Amino acid sequence: MSKKSFNVAVAGATGAVGNQMIACLEERNFPVNTVRFLASSKSAGKHLTFRGKPVIVEELTENSFQHMDIALFSAGGSTSEKFAPAAAKSGCVVIDNSSAWRMDPQVPLVVPEVNAHAVAGYTRKGIIANPNCSTIQMVVALNPIHRKFGIKRIVVSTYQAVSGTGQKAIVELTQQTEALLRQQTPENKVYPHRIAFNCLPHIDVFLDNGYTKEEMKMVNETRKIMEDDTIRITATTVRVPVFYSHSESINIETRLPATPDDICKLLSDAPGVKVVDDVKTNTYPMPIDAAGQDLTFVGRIRQDDSVANAINMWVVADNIRKGAATNAVQIAEILSTNYL
Ligand code: NAP
Ligand code: 3JN
């Protein structure tokens, strides 16, 4: 029988993602018994609030997870590598937002709208991985199409908000914009180049194959979540001067023919998707509208006439919510309802 309420730890509680995880637990009325908010030693003693009551932030240590049922991690890859096994050993199920465990064959990589059934695999290591934000919104939009028409190839270019880099990048875009508008010289601390009024075709580190790690995350994670290694995928990931919500231009080639109308109808009934597509009224998804929302918005659905059976579309979602915090809390909901 499922427990009625759960002891939940949030590791990285003071960060951009951790903050939204706390908000999602509150908004979605997750059945919390006690919470524990964890961060680095520099935040220990700070106060955050949960359901109107103050909660003191504690330093994350190996002992932080005793008597916890679920731990939501968003404190970076090295922290997850080090502390997730300790948390799992304490009997707590970890839902990890970093890339540390995503491609581990013993760790499920879950987007609830796509592969909720994979949550069952948590018993192998006590860890469930949350995918990269750019992957999440792409698979939410593409999985229904793959199931009905079969996707052969994906070409994706992203337009990613600075909040994907954390609080410090939100501050950097604000300060650089203010400095430039005052005719002052802005400082570049977070990115190798100015982000204000600019675009950087560079997210995460460059790899030997010339792609960035973010681009290869999209390729490998998509195949794992959609459970199909035959899909050919190529990605270009770009940072743009937007605060919240990632946008993606996606081109797909399908095995079976599909018209834009077929895709529009299919996605109108798809879980977690909202079709926003009426070019006659200049209606299409935009980051300013997706920010603060949990759905994945799809528009500009049109035929690609340059090749057989191809469709172009534009996909936008809040990277910190559906791309990270909401997806993690949705996984916690599946876990708590069906498995704990
Ligand atoms: P952030 O705003 O910089 O916050 C980082 C959080 O981690 C803070 O709470 C920080 O605590 C904590 N932290 C850092 N080092 C720590 C340590 N050694 N021990 C304990 N806590 C530590 O970053 P963010 O944007 O929230 O992202 C956090 C992580 O989430 C990323 O590194 C990434 O792995 C993951 N993430 C995933 C996605 C996704 O696509 N699903 C998107 C964004 C981020 P202090 O405040 O005390 O420093
Ligand atoms: O840059 C973005 O828009 C998403 C960033 C995600 C991120 C940032 C730092 C470390 C990740 C991630 O989730 O892949 C990681 C990580 O590798 O854990």
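The values are calculated or read from the model by the stated rules, or taken from the named source; none is laboratory data. Nothing here was measured: the structure is a model prediction, and the numbers come from that model. Every residue, glycine as well, gets a Cβ built from its backbone with ideal geometry; the counts of neighbours run over all protein chains shown.
Counting only residues that are out of contact with any helix residue (DSSP H, G or I) (no Cβ under 9 Å at 6 or more places or on another chain), under 22 Å from residue 20 (Cα atoms) and of a type in the set (A, V, I, L, M, F, W, C), how many does the stretch 284-333 have?
2
Got a sec? Which of 61, 49, 79 is crowded, with 19+ Cβ neighbours inside 10 Å, modelled with pLDDT of 95 or more and not hydrophobic (A, V, I, L, M, F, W, C)? Break it down stepwise before answering.
Details: 61 fails: crowded, with 19+ Cβ neighbours inside 10 Å; 49 fails: crowded, with 19+ Cβ neighbours inside 10 Å.
Exactly one of 61, 49, 79 is crowded, with 19+ Cβ neighbours inside 10 Å, modelled with pLDDT of 95 or more and not hydrophobic (A, V, I, L, M, F, W, C), namely 79.
For a quick check of your reading of the model, give me the residue pairs whose first member lies in the stretch 293-310 and is crowded, with 19+ Cβ neighbours inside 10 Å, whose second is aliphatic (A, V, I, L, M) and assigned to a loop (DSSP other than H, G, I, E, B), with beta-carbon atoms closer than 6 Å and at least 6 apart or on different chains.
297/276; 299/276
Hey, does the stretch 86-107 have a residue that's outside any loop (DSSP other than H, G, I, E, B), out of contact with any strand residue (DSSP E or B) (no Cβ under 6 Å at 6 or more places or on another chain) and free of Cβ contacts under 8 Å to residues at least 60 places away in the same chain? Let's see the steps before the verdict.
From the stretch 86-107, those outside any loop (DSSP other than H, G, I, E, B) are 86-89, 93-96; that's our starting set.
Retained after the next criterion (residues that are out of contact with any strand residue (DSSP E or B) (no Cβ under 6 Å at 6 or more places or on another chain)): 86, 89.
Next cut, free of Cβ contacts under 8 Å to residues at least 60 places away in the same chain only: 86, 89.
There is at least one residue in the stretch 86-107 that is outside any loop (DSSP other than H, G, I, E, B), out of contact with any strand residue (DSSP E or B) (no Cβ under 6 Å at 6 or more places or on another chain) and free of Cβ contacts under 8 Å to residues at least 60 places away in the same chain.
Across the stretch 282-340, which residue is nearest to residue 24 (Cα to Cα) among those that are among the polar types (S, T, N, Q) and within 16 Å of ligand 1 (Cβ to nearest atom)?
Filtering first and then ranking leaves 326.
Anything in the stretch 261-287 that is of a type in the set (D, E, K, R), part of a loop (DSSP other than H, G, I, E, B) and over 22 Å from residue 114 (Cα atoms)? List them, or say none. Give the steps one after another, and end with the answer.
Of the stretch 261-287, the ones of a type in the set (D, E, K, R) are 261-262, 265, 269, 274, 277-278, 280.
Narrowing the set further to residues that are part of a loop (DSSP other than H, G, I, E, B) leaves 269, 277.
Of everything in the stretch 261-287, just one residue is of a type in the set (D, E, K, R), part of a loop (DSSP other than H, G, I, E, B) and over 22 Å from residue 114 (Cα atoms), namely 277.
Looking at the stretch 194-229, which of its residues are out of contact with any strand residue (DSSP E or B) (no Cβ under 8 Å at 6 or more places or on another chain) and over 23 Å from residue 128 (Cβ atoms)?
Correct list: 194, 196, 197, 198, 207, 208, 209, 210.
Across the stretch 159-188, what is the number of residues that are away from ligand 2 (no atom under 16 Å from the Cβ) and either touching a residue at least 40 places away in the same chain (Cβ under 8 Å) or part of a loop (DSSP other than H, G, I, E, B) (or both)?
Of the stretch 159-188, the ones away from ligand 2 (no atom under 16 Å from the Cβ) are 174-188.
Now narrow it down to the ones that are either touching a residue at least 40 places away in the same chain (Cβ under 8 Å) or part of a loop (DSSP other than H, G, I, E, B) (or both): 177, 182-188.
Count: 8.
Across the stretch 225-258, what is the number of residues that are within 16 Å of ligand 1 (Cβ to nearest atom) and more than 24 Å from residue 20 (Cβ to Cβ)?
Counting residues in the stretch 225-258 that are within 16 Å of ligand 1 (Cβ to nearest atom) and more than 24 Å from residue 20 (Cβ to Cβ) gives 1.
Of everything in the stretch 177-230, what is among the β-branched types (Val, Ile, Thr), within 30 Å of residue 120 (Cα to Cα) and within 21 Å of the chain's Cα centre (by Cα)? Give them in sequence order. Explain how you work it out, then say what you get.
The initial filter retains those residues of the stretch 177-230 that are among the β-branched types (Val, Ile, Thr), namely 177, 185, 190, 195, 203, 205, 212, 219, 222, 225, 230.
When the remaining residues are screened for being within 30 Å of residue 120 (Cα to Cα), the result is 219, 222, 225, 230.
Listed by number, the residues that qualify are 219, 222, 225.
With the checklist (1) in a helix (DSSP H, G or I); (2) more than 18 Å from residue 337 (Cα to Cα); (3) more than 8 Å from ligand 1 (Cβ to nearest atom) in hand, flag the one item residue 113 doesn't pass.
It is condition (2) that residue 113 fails.
Being assigned to a loop (DSSP other than H, G, I, E, B), within 11 Å of ligand 1 (Cβ to nearest atom), more than 25 Å from residue 27 (Cβ to Cβ) and of a type outside the set (Ser, Thr, Tyr) is the filter here, so list the residues in the stretch 48-75 that pass it. Let's see the steps before the verdict.
The initial filter retains those residues of the stretch 48-75 that are assigned to a loop (DSSP other than H, G, I, E, B), namely 51-52, 60-61, 66-69, 74-75.
Pick out the ones that are also within 11 Å of ligand 1 (Cβ to nearest atom) and you get 60-61, 74-75.
Now narrow it down to the ones that are more than 25 Å from residue 27 (Cβ to Cβ): 61.
Once the filter is applied, which keeps residues that are assigned to a loop (DSSP other than H, G, I, E, B), within 11 Å of ligand 1 (Cβ to nearest atom), more than 25 Å from residue 27 (Cβ to Cβ) and of a type outside the set (Ser, Thr, Tyr), the stretch 48-75 yields nothing.
Pairs please, first residue from the stretch 241-255 and over 22 Å from residue 145 (Cβ atoms), second anywhere and surrounded by fewer than 20 Cβ atoms within 10 Å (Cβ to Cβ), Cβ atoms under 6 Å, 6+ apart in sequence or on different chains.
Final answer for the pair search is 241/196; 244/291.
For residue 127, indicate whether it is within 16 Å of ligand 2 (Cβ to nearest atom), touching a residue at least 40 places away in the same chain (Cβ under 8 Å), under 15 Å from the mean Cα position of the chain (by Cα) and over 30 Å from residue 201 (Cβ atoms).
Working: within 16 Å of ligand 2 (Cβ to nearest atom): yes; touching a residue at least 40 places away in the same chain (Cβ under 8 Å): yes; under 15 Å from the mean Cα position of the chain (by Cα): no; over 30 Å from residue 201 (Cβ atoms): yes.
For residue 127, the condition - within 16 Å of ligand 2 (Cβ to nearest atom), touching a residue at least 40 places away in the same chain (Cβ under 8 Å), under 15 Å from the mean Cα position of the chain (by Cα) and over 30 Å from residue 201 (Cβ atoms) - is not met.
Which of the residues spanning the stretch 4-47 are assigned to a helix (DSSP H, G or I), β-branched (Val, Ile, Thr) and within 9 Å of ligand 1 (Cβ to nearest atom)? If you could, list the steps in order and put the result at the bottom.
Of the stretch 4-47, the ones assigned to a helix (DSSP H, G or I) are 16-27, 41-43.
Subset that is β-branched (Val, Ile, Thr): 17, 22.
Within the stretch 4-47, just 17 meets the criteria.
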